[in-house]
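Report on the following structure.
The values are calculated or read from the model by the stated rules, or taken from the named source; none is laboratory data. These numbers come from a predicted model, not from an experiment. FYI the Cβ positions are ideal-geometry reconstructions off the backbone, even for glycines, and counts take in every protein chain you see.
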Ligand code: ATP
Ligand code: MG
């Protein structure tokens, strides 16, 4: 039995990338583990958010966690901002992390391409340290995430080892769990960038809560490559992405899909893919919308989760503080 921690930011509409890269895996492994699944709302503040929208998105993430099949009997589901240990341990670890290593984080570079680093929040810069705190606070040994979190996970491991070296054995050094299929879904409008829920372009992603007709339209309009053959090759990044999504959604292999669509063209591929996505997401959407009809019940669940998480977190935080001389 492993201790599992993972989270998603309430920073927009959760996408099929979040589903295939993270949520689907969480559901698959929940029964054999002890799980902490967090709505990482403090992370969302690293880029500008409308306060009213943010508070709605927080409940939406909670509803989606339940709608995809996470079971509160196996999982502690809670909000990061309701457990103050996350912010406190992040500060302690900020004093262990180095400016140079944070400067090398590619997500910071990716998220600041337009505005430039000077106008980015300091929070965006230290984001990976907060993420390390999230994980280490629960002494999690397993962290199921998408491929884009590989570098942040490595930093988490580095910080755990450094803290243990400086102050004595304290934290578990966690392992990442990144699936082969679905761990890196690319944008529908641009297959050279990772699909992200914070994208401002609606054609960039399929959202978990998109209406079936919206899903069909978005897939129909997804970028394709030149040529006509349905093959996953390096010169066809857009078709490769569609095949990868298809494969991760249905569990069928890419070669199998290639031979099914051989000689049939991109249009047929898109039709088949759209229906496969609708089949997967429509029931999730219905359950999530039903759950959102009762926000008080969602809030109760989150409060109960925060209480359980808080008890585990305060113990780990107390230990870390004492080791550093703040006992
Ligand atoms: P944002 O644009 O706000 O960063 P995001 O879509 O990247 O949103 P996160 O909340 O940062 O979502 O990440 C939540 C989880 O989803 C992480 O485990 C992350 O690795 C995974 N994930 C995010 N995008 C993808 C993707 N395109 N393919 C697979 N997994 C993804
Ligand atoms: Mg992200």
- prompt: So is residue 305 at pLDDT 95 or above and not assigned by TED's automatic domain parsing to the domain that holds residue 57 or not?
  reply: no
message: Condition first: away from ligand 1 (no atom under 15 Å from the Cβ) and not in a helix (DSSP H, G or I). Can you find one or more residues in segment 98-108 that meet it?
response: yes
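Taking the condition of being within 16 Å of residue 267 (Cα to Cα) and out of contact with any helix residue (DSSP H, G or I) (no Cβ under 6 Å at 6 or more places or on another chain), how many residues in segment 243-254 meet it?
Residues in segment 243-254 being within 16 Å of residue 267 (Cα to Cα) and out of contact with any helix residue (DSSP H, G or I) (no Cβ under 6 Å at 6 or more places or on another chain): 1 in total.
For every residue, the table says whether it meets (1) free of Cβ contacts under 8 Å to residues at least 60 places away in the same chain; (2) within 16 Å of ligand 2 (Cβ to nearest atom); (3) under 27 Å from residue 5 (Cα atoms).
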{"position": "180", "(1), (2), (3)": "yes, no, yes"}
{"position": "187", "(1), (2), (3)": "yes, yes, yes"}
{"position": "209", "(1), (2), (3)": "no, no, yes"}
{"position": "232", "(1), (2), (3)": "yes, no, no"}
{"position": "266", "(1), (2), (3)": "yes, no, no"}
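Restricting attention to segment 42-57, which residues are assigned to a helix (DSSP H, G or I) and more than 16 Å from ligand 2 (Cβ to nearest atom)?
Taking segment 42-57 and keeping what is assigned to a helix (DSSP H, G or I), we get 42-44, 51-57.
Result: 51, 52, 53, 55, 56.
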message: When you scan segment 67-83, do you find a residue that is more than 12 Å from residue 306 (Cα to Cα), in contact (Cβ under 8 Å) with a residue 24 or more places away in the chain, part of a helix (DSSP H, G or I) and away from ligand 2 (no atom under 16 Å from the Cβ), even just one?
response: yes
task: Run down 14, 93, 23 and say which single residue is in contact (Cβ under 8 Å) with a residue 12 or more places away in the chain, crowded, with 19+ Cβ neighbours inside 10 Å, within 16 Å of ligand 1 (Cβ to nearest atom) and more than 23 Å from residue 304 (Cα to Cα).
output: 14
message: Which residue is farthest from residue 324 (Cα to Cα), if the candidates are limited to segment 129-178 and must be away from ligand 2 (no atom under 16 Å from the Cβ), assigned to a loop (DSSP other than H, G, I, E, B) and touching a strand residue (DSSP E or B) at 6+ places or on another chain (Cβ under 9 Å)?
response: 141
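Here are some residues: 273, 291, 243. Which one is outside any loop (DSSP other than H, G, I, E, B), free of Cβ contacts under 8 Å to residues at least 40 places away in the same chain and crowded, with 18+ Cβ neighbours inside 10 Å?
Among 273, 291, 243, only 243 is outside any loop (DSSP other than H, G, I, E, B), free of Cβ contacts under 8 Å to residues at least 40 places away in the same chain and crowded, with 18+ Cβ neighbours inside 10 Å.
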Hits in segment 26-41 (condition: away from ligand 2 (no atom under 12 Å from the Cβ) and either buried (at least 21 other Cβ atoms within 10 Å of the Cβ) or not assigned by TED's automatic domain parsing to the domain that holds residue 145 (or both)): 26, 35, 36, 37, 38, 39, 41
field: Residue tally, condition surrounded by fewer than 18 Cβ atoms within 10 Å (Cβ to Cβ) and part of a helix (DSSP H, G or I), over segment 311-327
entry: 7
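In segment 182-208, what count of residues is obtained for those that are surrounded by fewer than 17 Cβ atoms within 10 Å (Cβ to Cβ) and in a loop (DSSP other than H, G, I, E, B)?
Residues flagged as surrounded by fewer than 17 Cβ atoms within 10 Å (Cβ to Cβ) and in a loop (DSSP other than H, G, I, E, B) within segment 182-208 amount to 5.
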